[in-house]
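The values are calculated or read from the model by the stated rules, or taken from the named source; none is laboratory data. Computed from a predicted model, the values in this text were never measured in an experiment. No Cβ is skipped: glycine too gets one built from the backbone with ideal geometry, and neighbour counts run over all protein chains shown. Just the protein is used for accessible areas: all its heavy atoms, side chains included, with ligands, DNA and RNA removed. Shrake-Rupley method; radii C 1.70, N 1.55, O 1.52, S 1.80 Å.
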Amino acid sequence: MGGRAATAGEALVFGGGQHLGQPGVGGRRGPQDAVDGPDPLTCLALLVAACVLGYGRGGTGFWLSAGAVVLVVAVIVLTVTRLDALNRLADSWDPDLLPADWARARAEWWNLHLVRTAMAVAGFLLLLLAPALHE
């Protein structure tokens, strides 16, 4: 929280003391918090490559890999279209003067994160099962 105490509004915005506008505290990160990691598009390209390579072998392994690709694409689309918009909305709020419908936005943010997490875990499990169930 940058060396200052959180206001009551900041503690309430998205629960658990997280405010999406605070870099490094469960929310959006700024350049100062950049973490080197794989690019999502690179990961998607690798998933598609694995799926294409598995196509020649056919069977269950290919379809599980294809399902994982679909889930990863859905995660990216959900993040870009819905979650980023909610994060930008929350970043525009003054924590001491929250809008009347902030609880609705928080509930939507939370539910979308649950859906995104479930899709990501399901995709990961499909990738784990693909080689095991290869015919």
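Would you pick out the residues in segment 88-115 that are of a type in the set (Asp, Glu) and touching a residue at least 60 places away in the same chain (Cβ under 8 Å)? Scanning segment 88-115 gives Asp91, Asp94, Asp96.
Of (1) open to solvent by 30 Å² or more (accessible area, probe 1.4 Å); (2) in contact with a Phe, Trp or Tyr (Cβ under 9 Å, 6 or more places away or on another chain), Ala85 satisfies all except one. Which? The single condition Ala85 does not satisfy is (2).
Here is a check on your reading of the model: is Thr81 modelled with pLDDT of 85 or more, in a helix (DSSP H, G or I) and of a type in the set (Ser, Thr, Tyr)?
Numbers: modelled with pLDDT of 85 or more: yes; in a helix (DSSP H, G or I): yes; of a type in the set (Ser, Thr, Tyr): yes.
Yes, satisfied.
Going through (1) under 26 Å from Gly58 (Cβ atoms); (2) surrounded by 12 or more Cβ atoms within 10 Å (Cβ to Cβ) one by one, Ala132 falls short only on (2).
Applying the condition of being at pLDDT 90 or above and surrounded by fewer than 13 Cβ atoms within 10 Å (Cβ to Cβ) to segment 111-129 and asking which residue is nearest to Ala90 (Cα to Cα) yields Asn111.
Looking at segment 45-58, which of the residues that are closer than 14 Å to Pro131 by Cβ and open to solvent by 30 Å² or more (accessible area, probe 1.4 Å) is modelled with the lowest pLDDT? Going through the qualifying residues, I end up with Arg57.
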